[in-house]
Amino acid sequence: MSTSIKKRFLELLDKDEEFRLAVAAKLGLLDKLNSLQQSVDNLAAEVKALREGQEKLWQSVEKLWQNVEKLWQEVKTLREGQEKLWQEVKTLREGQEKLWQNVEKLWQEVKTLREGQEDIVREQRRMSRAISDIGTTLERLTLSLEDEASEVVGFNLRGKLGVDFKFTRIFADSKEVDLYASQGDVWVIVEAATRLGVKLVNEVNRKADIIRHRKPELVKPRFIKAVYTLVPLNDAVEEAKKQGVWVLTWKEELTPLVIHTTNTSNLPT
């Protein structure tokens, strides 16, 4: 084959695609090229799928790390809460220890009072007031708070109104009223609590309203709201005075007695 023919043949291979494919077909290369192209296409599709899968995998990994971070935040919060809880427990234990110390001191005082009672009796004339106070203290130790409230409030009402009230515990609309009594045209409710706060003052008013609406058979034309307490707080005493609630302790009245008129305009018939 001459050089010019070879040159012309090579030029046709470079420039004429139809000729190039015809030569390839003659040489049996076309099927191989198609097969190779198909393989390349398949490989490209696999690579694309792998990339997409990799992106999804990284997204899943990122979400996983976010969840791990949230989990650590929850663990941190739980640890902080646990530390606060232990602090509360520690505080409660310290308070309990102080309470037991005070109880122990109280019993020591009671023991001392009992041991010295004979000497106090022999000096009755000179120490009659001290004996009265000691007797009151001993009696308070043996009575429940409600019994004590019944005694104190009843005693004061006898002195002010000249009437004996017999107190009992009642329930109105699932609410417990510590003490209730009525005599003549007056009914009385009393709440007894170791510590008097504003919340208890409001509770007395709510219970009075519940009795008026749920227990109209217990309602009289006039009524008294009272609280008996051992530890009154100043703001609660002021609120009780505003709302006409009679506040008493074992030794004194902290607010004046107010006799209210019962509003019967909206009572059930």
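The values are calculated or read from the model by the stated rules, or taken from the named source; none is laboratory data. Note that the coordinates shown come from a computational prediction; the quantities given were computed from them, not determined experimentally. Note that each Cβ is placed from the backbone with ideal geometry, even for glycine, and that neighbours are counted across all protein chains shown.
Remarks
- Here V110, V89 are screened, and the one residue that is touching a helix residue (DSSP H, G or I) at 6+ places or on another chain (Cβ under 7 Å) and not small (G, A, S) is V110.
- Listed by first and then second residue, the pairs with beta-carbon distance under 7 Å, at least 6 apart or on different chains, first residue in the range 190-214 and touching a residue at least 40 places away in the same chain (Cβ under 8 Å) and over 14 Å from V245 (Cα atoms), second part of a loop (DSSP other than H, G, I, E, B) and basic (K, R), form an empty list.
- Candidates Q66, Q124, filtered to the one that is without any contact (Cβ under 8 Å) to a residue 60 or more places away in the chain and in a helix (DSSP H, G or I): Q66
- Among (1) under 29 Å from the mean Cα position of the chain (by Cα); (2) surrounded by 21 or more Cβ atoms within 10 Å (Cβ to Cβ), the one test that E203 misses: (2)
- V177 vs. criteria under 14 Å from L248 (Cβ atoms) and buried (at least 16 other Cβ atoms within 10 Å of the Cβ): no
- Being modelled with pLDDT of 95 or more and of a type in the set (D, E, K, R) holds for only one residue in K207, K220, K215, K225, and it is K225.
- Each residue in the range 215-237 was checked for being surrounded by 14 or more Cβ atoms within 10 Å (Cβ to Cβ) and without any contact (Cβ under 8 Å) to a residue 12 or more places away in the chain, and 0 pass.
- Helices (runs of 4 or more DSSP H) wholly inside the range 133-247 that include at least 2 residues being more than 30 Å from W107 (Cα to Cα) and among the small types (G, A, S): 234-243
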